[in-house]
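Values quoted throughout were computed directly from the atomic coordinates according to the rules given, and no laboratory measurement underlies them. Small disclaimer: the values here were computed from a predicted structure and weren't measured. Cβ placement follows ideal geometry from the backbone for every residue including glycine, while neighbour counts extend to all protein chains displayed.
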2 protein chains.
Amino acid sequence: MTLDHQKLSTSLRILCADMVEAAKSGHPGLPLGMADVATVLWMRHLKFNPADPVWCDRDRFVLSAGHGSVLLYGLLYLSGVSGVNLEQLKQFRQLHSGTAGHPEYGELPGIETTTGPLGQGLANAVGMAIAERKLAAQFGSDLVDHYTYCLVGDGCLMEGVSQESISLAGHLRLSKLICFWDNNSITIDGSTSLSTSENQIQRFQASGWNTIEIDGHEADAIDRAIIHAKQSDRPILIACKTIIGFGAPNKQGTPDMHGSPLGGDEMSALRDRLQWSHAPFEIPFDILQQWRLSGARSNDAYVEWQQRYGSSSLKHEFDRWHTGDMHTEIQSALHQLRTEMVQDSKPEATRKSSERCLTALVEAVPNLVGGSADLTPSNNTRTKTMSAIRSDSFEGQYIHYGIREHAMAAVMNGISVHTGLRPYGGTFLCFSDYARPSIRLSALMQQPVVYVMTHDSIGLGEDGPTHQPIEHLASLRAMPNVNVFRPCDAVETAECWELAIVSQTTPSILALCRQNLPSLRRDVRVNRSAYGAYVIRPSKGDRTLTLVATGSEVSLAMQAAEVLEQSSSHAVAVVSMPCWELFAAQDLEYQEEVLGDVPRFGIEAACSFGWERWVDHMFGIDTFGTSAPAADVYAHFGLTPTVISESILAFLD
Amino acid sequence: MTLDHQKLSTSLRILCADMVEAAKSGHPGLPLGMADVATVLWMRHLKFNPADPVWCDRDRFVLSAGHGSVLLYGLLYLSGVSGVNLEQLKQFRQLHSGTAGHPEYGELPGIETTTGPLGQGLANAVGMAIAERKLAAQFGSDLVDHYTYCLVGDGCLMEGVSQESISLAGHLRLSKLICFWDNNSITIDGSTSLSTSENQIQRFQASGWNTIEIDGHEADAIDRAIIHAKQSDRPILIACKTIIGFGAPNKQGTPDMHGSPLGGDEMSALRDRLQWSHAPFEIPFDILQQWRLSGARSNDAYVEWQQRYGSSSLKHEFDRWHTGDMHTEIQSALHQLRTEMVQDSKPEATRKSSERCLTALVEAVPNLVGGSADLTPSNNTRTKTMSAIRSDSFEGQYIHYGIREHAMAAVMNGISVHTGLRPYGGTFLCFSDYARPSIRLSALMQQPVVYVMTHDSIGLGEDGPTHQPIEHLASLRAMPNVNVFRPCDAVETAECWELAIVSQTTPSILALCRQNLPSLRRDVRVNRSAYGAYVIRPSKGDRTLTLVATGSEVSLAMQAAEVLEQSSSHAVAVVSMPCWELFAAQDLEYQEEVLGDVPRFGIEAACSFGWERWVDHMFGIDTFGTSAPAADVYAHFGLTPTVISESILAFLD
C-alpha cells in the first residue's frame, strides 16, 4: 500500500505543479503539501461515484483553501469524475476552461462550493454538515448518511468567520464533519510566527471539537486519523503537520512556494526528487488505473443506496425536497394570505408581515430552514410552530445562529449547495455588512438564499447611526445577481416573499421595516412586485409628475402626492418600486409607462447613490443617521409630506 | 468600602435605568449587570482627569457592548467629566442630545470610540493598546503608560472579528489590555445555550491570554482581579459572572432585560430591592461627591505627567506626532516624487507607485504605522526601511495583521482614535467586504484611516471572480464620508496618497491595480486629483464627445479616443476621475467644464451602478468576472479600444 501511495501522491503532485506551470500562474504550495492527505482520503475513504458526481448521499469535500484549486482539479480528473478531462486541466486559469483560478461552483462537476475568499469553505462545510444531519433526521440514515470533509489552511483559520462557524459546529456537535488543517506554518508574508501564536488544538477544543495531530506526509497515520475521525462524537480537527511545496527541493517550506509557479529548474528538481520521469500531464496507465479505482470503492454503497431509495416509502417526499416544484403550493398559500391581509387592512410593520408569510410558507415549503443571528424577536423570523435545531435533535426547522451574521450567511450557502433544504436567515439590514462576503458568494454561486434584513432605515429610530442603514440598499443593489426587495406594506411583503422563495438562481434580500406602515394595496390578483415597480397611486387627471418610492417611503410619497394635488395644479402618480433589479429587467416601454414622461422625484430613506437612473431629483440621506425617535429622525432629514411637497414645488418653479 | 460601593453602584444602576425609562427605549440589562465592575474600575483604578478628558495618557475605557451605552453615560456624568451634564442624560436617545442609543465618538467627551456593531470595540481596544505600546516605545513610559480596559458581552465574543483581534492581541502580548467579559449567559434569543457551548477561558488561553474568573457582583473580588490584571505579562480576560438586569426582581436573569425599559412597576420594584428612595435622576449630594472623587485619585498622576511632559526633550516630537501639521513635509516629499515619476515615465502598476509614495512618506510622516492582512508582497505596503512590530519590540512601523482584514480595519480605527499615530493597511479590494463594518466606522467616526486596496479589478486576471471586484467601487462610493481614489498612473497615485494622508476627518480607499499602466501625466505642479476629475487629454479641435474613466481604464480611454479621432470626425476629450467624491464637491461650473456639453461615455472595469450621474452610457461589467489572463478578461468583457470606439460610433449613429 505504501508503494502505491507514493506513486499515486507523486502523480497528483506533479500533475498539480504541471497545471500551475502551464498557466504560468497559480498556487502549487498547498497541493504539494497536502497531496498525501488528499490521496489517502480519495483512495481509502471518500464515498463518491465518479459517474454520478451529484449523487445526494456522496461525501462532500470542500477545499476551503481555494487557492490550492489544482489539487481539487487533479483529484477530480485522476479519479475519473464524469465531465472532467485532461484538456481542462491543461487550460487551467484560461477563459471558459472550467478550471478557474479558484474552484467555482458549477464550472466543473465535483466542485461542491466556490472557495477562495478565505474561511468561507469551512463555514460552507458546517452548513453541509448541518444539512446532512437535518435531512437524516427527516429521512433516516437509509437515505442520508455521509461525511463532510474540509481542508483549511492557516488563512481560513485566521479569518473571523472560521471562529463563528467552528463555534456553531461544536455547539451543534456535528460529528460527521471532519476538518483537515494544512499546518505548514507559512503564509504569504512569511512564517506564521509573524502574525499568530495561536494554539489551534486548544482553540478547537474550546469550541467542543475533538482533535488529532498527525504528520501530514505519513499515509498510514493519515489513514488511521480518518478512521478515528469517522467515529468521533463531535466535529473533529485533524491537524496535519506538512511542508508547503513538499518535494520542491529548493523552495519547499518557504513563502515563495505559496502563490507562484515553480519555474523550469525547480520543476525539474521536483521531478528528480520525486523520481518522476514522465512528461507534463502524462500519467502512466497503471497509475491512472489505480486512481480510477478510487470511485469503485463506493460502488456497493451507491447501488445499495439506489435500492433503498427506489423502494423507500419516503421517496416521493425526498424527491420533493430535493428537486420538487412547490410553486403551486407557495402561490396558493401566499395568495390566500394576501387576501387576508387586504381584509385585515391594519397598519403593520413589514417585518411582522414577513412573519405572517413565513407562517404560511412553513406549511407549503416543508424543507424550509430558518434562523436569525440572535435577533429572532426583532427579525420575526421564527413562527410559532417552528422548533429549534439542537445538538441532540435536528428535527426542528430553526437555527439559532448566535451573533454570527457572517457564519449564518456562509452556513446558509453550504445548506443551499448541499441541496434538499431552503435556508433563510435574519439580521438587521445594517449588519448585512458583516455577512457581505458570503452574500456575494450566494450571488456568485447562484444560490437562492433568502436574507431577512429588518430595521431597514432610519425608521428604526433610537438605536442611532450604527444601526441605521444608509448605503446598504445601494451597495446590495450594486452586487450582481441579487434581488433587493423593499416592500411597502403587507401585500407587497407577501409578493416579495413569493418571488424570493420561488427563485432558483438568485439570492434575495428582503429589506423590512421596524415601524408600522399603513396597508396600501387593495388588489391581490396579480403579483405586481414581480414587475419591480408599478403605479400604486394613479394621478388625479393627466399626470404632471411622478413620485417614485420604496418600502416605508411609499406611504410617505402617497401623502406627499395628496398634499401636492391639493396645494397645486399637479397631477401626481406614485410608483412603488419594491425591486430595482426586476424593474430593470422589464422592457423599456413598460418602464416608461410606469415612470411617465414627466418630472420624476424619488423618495427613499437611504443614500441617493444610483437613483439618477430613474429620477430627476432624489429625497434621500447622504450622511449617516442620528439617534432619536423615528418620527424625529424622519423630520430631521426632511422626509415629511410637507417638506417634500414644498421642495418639489420650489424645484419645479 | 463595601458600604460605599453598595451606594455608588446602586446610584449608577438606578441612573442607568432612569435614562432608559425616560427614553422609553434602550438596554438596561448590561448596565444593571455590570454596574459593580464599572463602579470598582472607576472608583479604584481608572486613570483619568474629568477636567481634561482628552489627556493623552489617560486609561482608555471601551464599552464594546455599546448597547449598554447608559452605563458609560452614567459613569461620565457621575465622575464629573467636563462637558457631560444631567440634562443630556435625561435626553437619552433624543435628537442632538449627545447621548445616542449607542455611544457615538465625538458626541460626548469620554466616549473613546463608537460602539454598537458588536465586536468592534474589542478590536478598537486592541488598536489602542497597540498604539500605547508603540508610542511608549517611541517616547518612553514617562510620557506614555496607560491601560486599555474593554467591556465585552457574549455578542462581542461570538462575532468573528473578536477572534481575529483576540488572536492578534495575544500574539503581540498586549499586557496592558484588560478585558471584562459580562458573562451573563443571556442573549436576545434567550439563554446563550441556544447558540453556543464555547469555553471562553480555554479559547482566550489558546490565543495567549491570561484569564481570571470572578463573581461580577463582588466588589473586592473585582478589585483584586484588576490589581492582578495590571501586573499581567499578557492581555488578560476577567470573566465576570453576572446576572443580567441585576436588582430588577422579576426580570433579572431573563432575555426580557436585554433591550427594553423595565416599566413602571419593575422600576419601583428595582428601587425597593436596591433600597433607593430618590426620585428619577436624583443623586444625593454625598453620593455624587464620592463619585466626583474618582477623578481626584489621578490628580497626582496627571500633575506629574504634565511636569514630565513640560520638561521632556521629546516634547516637540511628541506634539508633532499628536497634533502636528505635517502638510509641508508631505507635499514636498510627494512633489519631488512626482517629478521623479515624470522623469522615469515608465510603465508601472499603481500598487508599485504606491510603494514609492510610502517610501517618501515614511520619512515625512514619522508616526505612520503600516500593515497588510498578509498580502504584503502583493499590496506593496511595506517599504524597505520599515521594520515589523513584534511582541518584544514595538519600535517598528509595520504590523503583520495576518489574514484578518476585519480586525485590521477595526484595529486601525482604534489606533486612530487613540491619537498619536497615522495607520494605513492593505488587502485586495475584493476583500474590502471582509472589513466593511469597520470601514463604515472609520467613516462614521471621521477617522482618516487609509485603506490600500490593490488588485482593484478584473485586471488581476487569473485569480478569477472570487478575487475580482465588480460592485466594490460603487458600494464604497455609496458610503458617506469615504473618499474612494482610483488613480490612473504613478503621478495620480502620488496625488491621491497626498490627499489621503493630509485628510483629517475622512478615511480613504486607494484602489490600486496589479497590472502595469503607462505613465500618462506629464504635469506635476498642481495636484489635479484634488479636483476629483479633470481633462487629462483635450480633444483635437472642438470637443464632440467625452470619455470619462478611472484608474486602469484611463489609458484605455486614451487609446479609444485616438481610434475615434482617427476613424471618425469626432473630437474626443478624456476625463480622468480619480475621486468621485471630490469631483461631486466641486461647483457645477467646473463639473460642466470638465464633462462638456457633449455625449459622454464612461469606462470603468466595474459595475455601472451609479454612473448615470456623470455619463450617458457606460462601458462597465454588470456580472461577475472570470478567470483568465488579464488581457483575455478585458477582451471578454469588451473593454478594448476597438470594441469601445465601435460601440460609441454605433451608439451615436
FRET efficiency for B:H327 and A:D142, using Cβ-Cβ distance with R0 set to 60 Å, rounded to 0.05: 0.20
DSSP beta bridges in the range A:530-652 [antiparallel fraction, %, rounded to 5]: 20 percent
Candidate aspartates and glutamates - alpha carbon under 17 Å from B:K24, same-chain residues fewer than 8 apart omitted: A:E462, A:D463, A:D632, B:E87, B:D256, B:D265, B:E266
Cα-based equivalent ellipsoid of the range A:166-250: semi-axis lengths in Å, sorted from largest, via gyration tensor: 25, 18, 8
Which of B:D272, A:D622, B:D286, B:D189 has the fewest Cβ neighbours within 10 Å, and the rest in rising order: B:D286, B:D272, A:D622, B:D189
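Please state, rounded to one decimal and in Å, the Kirkwood hydrodynamic radius that chain A gives when every pair of distinct Cα atoms enters the mean of 1/r. Each step should come with its number before you reach the end.
Numbers: mean 1/r = 0.0378 Å⁻¹.
Final number for the Kirkwood radius of chain A is 26.5 Å.
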Distance from the range A:510-559 to the range A:242-276 (C-alpha centre basis), Å: 63 Å
Cβ-vector label at 7 Å, B:A137, separations to other copies in nm: 5.0
Relative contact order, percent, the range A:530-652 [alpha-carbon distance under 8 Å, six or more residues apart]: 28 percent
Highest to lowest packing among A:334-340, A:605-611, B:138-144, A:113-119, scored as the average C-beta count within 10 Å: A:113-119, A:605-611, A:334-340, B:138-144
Global geometry of the protein assembly as shown, whether rounded, prolate or oblate, following the gyration tensor of its Cα atoms and the 1.5 cut on a/c: rounded
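Give me the inter-chain shielding for B:255-264: mean count of other chain Cβ atoms within 10 Å, whole number please.
That average works out to 1.
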Shielding by partners - mean other protein chain Cβ count within 10 Å, residues of A:111-118: 3
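Summarise the partner chain shielding of B:400-410 as one whole number: the mean count of Cβ atoms from other chains within 10 Å of each residue's Cβ.
For this peptide, the per-residue mean of nearby foreign Cβ atoms is 6.
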Label-point gap, in nm, between B:H228 and A:S197 - each point 7 angstrom along Cα→Cβ: 2.0 nm
Theoretical FRET efficiency, 1/(1+(r/R0)^6), r = Cβ-Cβ of B:D344 and A:A584, R0 41 Å, to 0.05: 0.35
Relative contact order of chain A, defined on C-alpha pairs under 8 angstrom at six or more residues apart (%): 12 percent
Förster radius 30 Å - calculated FRET efficiency between A:N250 and A:H278, Cβ distance, rounded to 0.05: 0.90
Rounded tilt (10° steps) of A:299-311 against the dominant C-alpha axis of chain A: 40 degrees
Residues B:K47, A:K24, B:K384 arranged by fewest to most Cβ contacts within 10 Å: B:K384, A:K24, B:K47
For B:S313, label point 7 Å along C-beta direction: distances to other copies, nm: 9.1
Among beta bridges that DSSP assigns inside the protein assembly as shown, antiparallel share in %, nearest 5: 10 percent
The range A:589-603 and the range A:68-137: distance between their alpha carbon centers, rounded to Å: 45 Å
Convex hull (Cα only) mean projected area of the range A:2-304, reported in nm² to one decimal: 14.1 nm²
Environment charge at A:R308 (Cβ cut-off 11 Å; Lys +1, Arg +1, Asp -1, Glu -1): -3
Cut-off 14 Å between beta-carbons: net charge of the residues surrounding A:K540, Lys and Arg +1, Asp and Glu -1: -1
Nearest-ten-degree value, helix A:160-171 long axis tilted from longest Cα axis of chain A: 80 degrees
Rotation relating B and A, chain A residue nearest the axis via C-beta, angstrom: A:G160, 1
q = 0.15, 0.16 Å⁻¹, the range A:76-173: log10 I(q)/I(0) [Debye, one scatterer per Cα]: -0.75, -0.82
Prolate/oblate/rounded call for the range B:386-469, Cα gyration tensor, a/c under 1.5 rounded: oblate
Separation in nanometres of the label points that stand 7 Å from Cα toward Cβ, at B:R525 and A:S391: 7.3 nm
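Out of all DSSP beta bridges in the range B:2-304, what portion is antiparallel? Express it as a percent rounded to 5.
Counting only bridges with both partners in the range B:2-304, antiparallel ones make up about 10 percent.
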Three-way shape call for the range B:536-599 based on the alpha-carbon gyration tensor, with the a/c threshold at 1.5: oblate
Degrees between helix B:285-296 axis and first principal axis of chain B (Cα, 0 to 90, nearest 10): 50 degrees
Long-range Cα-Cα pairs in the range A:503-653 (distance over 24 Å), rounded percent: 31 percent
Set of lysines with alpha-carbon distance to B:K384 below 27 Å, sequence-local pairs under 8 removed: A:K251, B:K134, B:K346, B:K352
log₁₀ of I(q)/I(0) at q = 0.25 Å⁻¹ - the range A:336-387, Debye sum with one point per alpha carbon: -1.02
Dipole moment magnitude, nearest 20 debye, chain A about Cα centre, only Lys, Arg, Asp, Glu C-beta charged: 1160 debye
Cα pair distances of the range B:36-106 binned at 5 Å [whole percent]: 3, 16, 26, 27, 20, 6, 1
Calculated on alpha-carbon atoms, Rg and Dmax of the range A:327-511 in Å: 15.2, 42
Alpha-carbon centroid distance for the pair the range A:389-466 / the range B:384-412, whole angstrom: 32 Å
Positive-pole candidate from B:A169, B:L262, B:Y302, dipole of the range B:2-304, charges at beta carbon: B:A169
Ascending list, in nanometres, of distances separating the A:D286 label from those of the other copies (7 Å, Cα toward Cβ): 9.7
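Neighbouring Cβ atoms within 10 Å as the yardstick, rank A:M128, B:M158 fewest first.
Ranking A:M128, B:M158 by Cβ neighbours within 10 Å, fewest first, gives B:M158, A:M128.
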